[in-house]
Structures are given as structure tokens and as C-alpha cells.
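All of the numbers you see were taken from the coordinates with simple rules; none came from a lab. Note that the structure is a prediction, hence the values are computed from the model and not measured. Cβ placement follows ideal geometry from the backbone for every residue including glycine, while neighbour counts extend to all protein chains displayed.
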Amino acid sequence: MQKFLQDVNIGQNIQRIRKERNLSQYDMVTKLQLLGRSMSRANYAHIEQGIRNIFVSDIILFKEILNIDYGEFFKGLTIKNS
């Protein structure tokens, strides 16, 4: 399985969008399980914190659950020059 490496933390956007939808982390994990993706709440929290990389398939499911365009994941993100 391919993963997105979080060199820029899109987890903050995922968290913002989730909260805008009045969903808890537990709600997200439950919805993922209903769609056939098993994930613990702790692993989900690590995605939002930028600690855990994200599977491409998870991004697809997040898009479906949150009812957003893919661009919303990347809104406002910038690359910091070294």
C-alpha cells in the first residue's frame, strides 16, 4: 500500500474539517470501520498530529466521510524553505 509522507502536516486540515462537521475522532473511526477500514482512535489521532503517515486509501475515505474536495486537505498549506 502506498502512503503519503506528511512532510507538511495535512492532519491539521483534517482535524479542522472534522471539527467543522461536529465529528469526534471516535465518530471518524466508526465511519471508517463502517466503510471497511479498521483504525484505532489513537492511530487516527496520530494522523491529525502529523505523527503517522496516511495511506492513500485513507485520504479517499476521509474525502467521502467529510464530503469535501481533495483540495480542502491542502488548503492553506505552504512549503517552508530550509
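Computed quantities for the displayed model
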quantity	calculated
Charge dipole (debye, nearest 20) of the chain; +1 at Cβ of Lys and Arg, -1 at Cβ of Asp and Glu	140 debye
Mean projected area in nm² (Cα convex hull; one quarter of hull surface) for the chain	5.4 nm²
The chain, relative contact order in percent, only Cα pairs under 8 angstrom and at least six apart counted	46 percent
Nonlocal amide H pairs with Ile54, under 5 Å, H built at 1.01 Å	Phe4, Gln6
